[in-house]
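The values are calculated or read from the model by the stated rules, or taken from the named source; none is laboratory data. Quantities reported herein were computed from a predicted structural model and do not represent experimental measurements. Don't worry about glycine lacking a Cβ; one is built from the backbone with ideal geometry, like all the others, and counts go over all protein chains shown.
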Amino acid sequence: MAVVGSLSRIARLGSDICRNHRLMLGRISQRRGIASCIDPAYGLTDEQKEFQKVAFDFAANEMAPHMAEWDQKEIFPVETMRKAAQLGFGGIYVQPDVGGSGLSRLDTSVIFEALSTGCVSTTAYISIHNMCAWMIDTFGNNEQREKFCPDLCSMEKFASYCLTEPGSGSDAASLLTSARREGDHYILNGSKAFISGGGDTDVYVVMCRTGSKGPKGISCLVVEKGTPGLNFGKKEKKVGWNSQPTRAVIFEDCAVPVTNLLGVEGQGFNIAMKGLNGGRINIASCSLGAAHASVLLAKDHLLVRKQFGETLANNQFLQFKLAEMATKLVASRLLVREAATALQEKRADAVSLCSMAKLFVTDECFNICNQALQMHGGYGYLKDYAVQQYVRDIRVHQILEGTNEVMRMIISRNLLAES
Amino acid sequence: MSGRVLVGVKRVIDYAVKIRVKPDNSGIVTDGVKHSMNPFCEIAVEEAVKMKEKKLIKEVVAVSCGPQQSQETIRTALAMGADRGIHVEVSGKDYETLGPLQVSKIMAALAKKEDAQLIILGKQAIDDDCNQTGQMTAALLDWPQGTFASEVSLEGDKIKVVREIDGGLETIKINTPAVLTADLRLNTPRYATLPNIMKAKKKKIANVKPADLGVDLTSRLEVLRVDEPPQRQAGMKVETVEDLVGKLKESGKV
């Protein structure tokens, strides 16, 4: 029995599987995480490896083939996200009694990292949706949890997180959107900026001012689409994240039932920040996926492209550059996973570690993707090649969910605090 | 009728991996290489799970023959919806020489032991491309076989199978118990869902040794040498038909 592993046989089977599973063998092998020292499966339990496998397969089959089209045509891939939700990706760390998957922060990070290799922008939106579902699950009462969470976990309905305003970004606690109590409603007035999914989503988790200045005057309200007085600005034109619409969310005497208050008055800022701790791990995980995919793309390019009589892979500078990229990728991955574990275990260093992870990983992974683009030469600048989309999509990760400058504020505050 | 289906699942090198031959030409490099379930076995599992969902059968048992790592493959089958697993432990030299003859003897023994009504296998494995196990298993059990199945429907105690053959599609009706082998277009395997992966942890995998089943693993085949296929040579252009015929005769092809 001579086992001859011919590339042509693999390609033939691949093209067979192609027809059935709609794969593109060449592009997909690059993203299935099959390479040595940067294999993202190391250190995971068998169960986590299964989660990761499903996420990688879903990313390769359902997302990667459409990633460029979703970006160029600015399509919000509702059907694909609903398919992801059927697998349990709609409320990964939401409790099972309201339809969530009840997994850990680390499981979540592993899943988003894998999904991100298929499309960063869509995965990032899914992570924001997950964050909102978790906030309602954790801080909502039973009526609110049962009303909102099942639909969010199945992605029958989509969610948006509304904190940032035109006048308050990094200084989030200075937000101005007011919520004046009148009988059994809060009347909202004000506007939110840069809201992911805004206008196309159904459930808005809104941080607004019910009390006096500062964080303690802020409450968290769930506003449903269709509520009179809820309007949206124009769809923003962005450099990346084009598979999710971004709009201003405008409240004009928008009456929201008091029963939609999450927690108690004055708790809103705390809820927002707790949501963001997890959100920061998720965004960092998305950056990891993009960097991983980019390293594989760069590796494949180096093995194929020839100049000066040999493949680029024989060039020592590029070999060393690739090694540096791989090292920073693995270091980033370890930091994110440790932060996820710390958050799950409610460790004292969780908040700082989440900030450190977000800061380090989004910066390093952007550099990795950028470097991978450079290694492609002129081809890296063409939209026919995926690497430029990874670069454009993860650039914003250094800005949102708390700028990397704000991350430094959080970390230095921890270091310099009088104990 | 037990309503029990055995599904064979094989752990193979992942289809997307670039295969490398060992420097001593004794085989393929498998250490540290990514493995997963044979794609045709995935299709077989999917078919069995679909039958169970339609309440045509009662239990799906996933079977794999191999070393410790084969349990991962069984877990994947459990996550797709199989009810329990059987891991037939074969390792070391025995595993290197394990082939369709031995596996079919094991499947036949298990079919009798588990009182199976149906055995579904992938049509072939992507590492050895043997396309023999299903046929041999049916022969050992003296059961009818529906191979290269692209459509299967249970009709009472018979099965209608549409087979993909060289000339097109052939439809046959066979009695149960029977052996089916899955071809590519039989179905599209589902993704395991997160809840199912977690449920799979609780499902049982029984450990069995081939000796317990009375199966002799000795191989009748010996691998002499493994080589990569020859590098593709450049073609050449010819001016006339006579030149073409001449060159074909020269190279011994005509």
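Which of (1) of a type in the set (Val, Ile, Thr); (2) closer than 24 Å to residue B:12 by Cβ; (3) crowded, with 22+ Cβ neighbours inside 10 Å is the odd one out, the single condition residue B:161 does not satisfy?
(2)
If only one of B:203, B:249, B:199 is within 14 Å of chain A (Cβ to nearest Cβ), among the basic types (Lys, Arg) and in a helix (DSSP H, G or I), which one is it?
None of the other options fit; the residue is B:199.
For the subset of region A:315-352 comprising residues that are in contact with a helix residue (DSSP H, G or I) (Cβ under 6 Å, 6 or more places away or on another chain) and among the small types (Gly, Ala, Ser), which member is surrounded by the most Cβ atoms within 10 Å (Cβ to Cβ)?
This residue is A:339.
Filter region A:343-367 down to the residues that are in contact with a Leu (Cβ under 8 Å, 6 or more places away or on another chain) and either at pLDDT below 95 or of a type in the set (Gly, Ala, Ser) (or both) and list them by number.
Once the filter is applied, which keeps residues that are in contact with a Leu (Cβ under 8 Å, 6 or more places away or on another chain) and either at pLDDT below 95 or of a type in the set (Gly, Ala, Ser) (or both), region A:343-367 yields A:350, A:357.
Which of the residues that make up region A:38-60 are in contact with a Pro (Cβ under 9 Å, 6 or more places away or on another chain) and of a type in the set (S, T, N, Q)?
A:52
Condition check ((1) outside any helix (DSSP H, G or I); (2) in contact (Cβ under 8 Å) with a residue 60 or more places away in the chain; (3) under 15 Å from residue B:62 (Cβ atoms)) across all residues:
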{"position": "B:104", "(1), (2), (3)": "no, no, no"}
{"position": "B:107", "(1), (2), (3)": "no, yes, yes"}
{"position": "B:111", "(1), (2), (3)": "no, yes, yes"}
{"position": "B:116", "(1), (2), (3)": "yes, yes, yes"}
{"position": "B:119", "(1), (2), (3)": "yes, yes, yes"}
{"position": "B:124", "(1), (2), (3)": "yes, yes, no"}
{"position": "B:127", "(1), (2), (3)": "yes, yes, no"}
{"position": "B:130", "(1), (2), (3)": "yes, no, no"}
{"position": "B:140", "(1), (2), (3)": "no, no, no"}
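Does region B:114-132 include one or more residues that are farther than 14 Å from residue B:177 by Cβ, touching a Pro at 6+ places or on another chain (Cβ under 6 Å) and surrounded by fewer than 22 Cβ atoms within 10 Å (Cβ to Cβ)?
Among the residues of region B:114-132, at least one is farther than 14 Å from residue B:177 by Cβ, touching a Pro at 6+ places or on another chain (Cβ under 6 Å) and surrounded by fewer than 22 Cβ atoms within 10 Å (Cβ to Cβ), which makes the answer yes.
Please work out which one of (1) closer than 20 Å to residue B:195 by Cβ; (2) without any contact (Cβ under 8 Å) to a residue 24 or more places away in the chain is the condition residue A:41 fails and give its number.
Unmet for residue A:41, out of (1) closer than 20 Å to residue B:195 by Cβ; (2) without any contact (Cβ under 8 Å) to a residue 24 or more places away in the chain: (1).
Restricting to region A:384-419, name every residue that is of a type in the set (D, E, K, R) and either assigned to a helix (DSSP H, G or I) or in contact with a helix residue (DSSP H, G or I) (Cβ under 7 Å, 6 or more places away or on another chain) (or both).
Listed by number, the residues that qualify are A:392, A:393, A:395, A:401, A:405, A:408, A:413.
Regarding region B:47-62, can at least one residue be identified that is within 14 Å of chain A (Cβ to nearest Cβ) and more than 16 Å from the chain's Cα centre (by Cα)?
No: region B:47-62 contains no residue that is within 14 Å of chain A (Cβ to nearest Cβ) and more than 16 Å from the chain's Cα centre (by Cα).
Tell me which residues, restricted to region B:36-89, are outside any strand (DSSP E or B) and among the charged types (D, E, K, R).
The answer is B:42, B:46, B:47, B:50, B:52, B:53, B:54, B:55, B:58, B:72, B:75, B:83.
Can you confirm whether residue A:26 is under 20 Å from residue A:369 (Cβ atoms), at the interface with another protein chain (Cβ under 9 Å from one of its Cβ atoms) and either at pLDDT 95 or above or touching a helix residue (DSSP H, G or I) at 6+ places or on another chain (Cβ under 9 Å) (or both)?
So residue A:26 fails the test.
Residues to consider are B:227, B:212; find the one that is over 22 Å from residue B:82 (Cα atoms), among the charged types (D, E, K, R), more than 20 Å from the chain's Cα centre (by Cα) and within 14 Å of chain A (Cβ to nearest Cβ).
B:227
Among residues belonging to region A:63-97 that are surrounded by fewer than 23 Cβ atoms within 10 Å (Cβ to Cβ) and among the charged types (D, E, K, R), point out the one that is nearest to the other protein chains (Cβ to nearest Cβ).
Restricting to residues being surrounded by fewer than 23 Cβ atoms within 10 Å (Cβ to Cβ) and among the charged types (D, E, K, R), the top hit is A:83.
In region B:1-59, what residues are loosely packed, with under 14 Cβ neighbours inside 10 Å, of a type in the set (Asp, Glu) and in contact (Cβ under 8 Å) with a residue 60 or more places away in the chain?
Once the filter is applied, which keeps residues that are loosely packed, with under 14 Cβ neighbours inside 10 Å, of a type in the set (Asp, Glu) and in contact (Cβ under 8 Å) with a residue 60 or more places away in the chain, region B:1-59 yields nothing.
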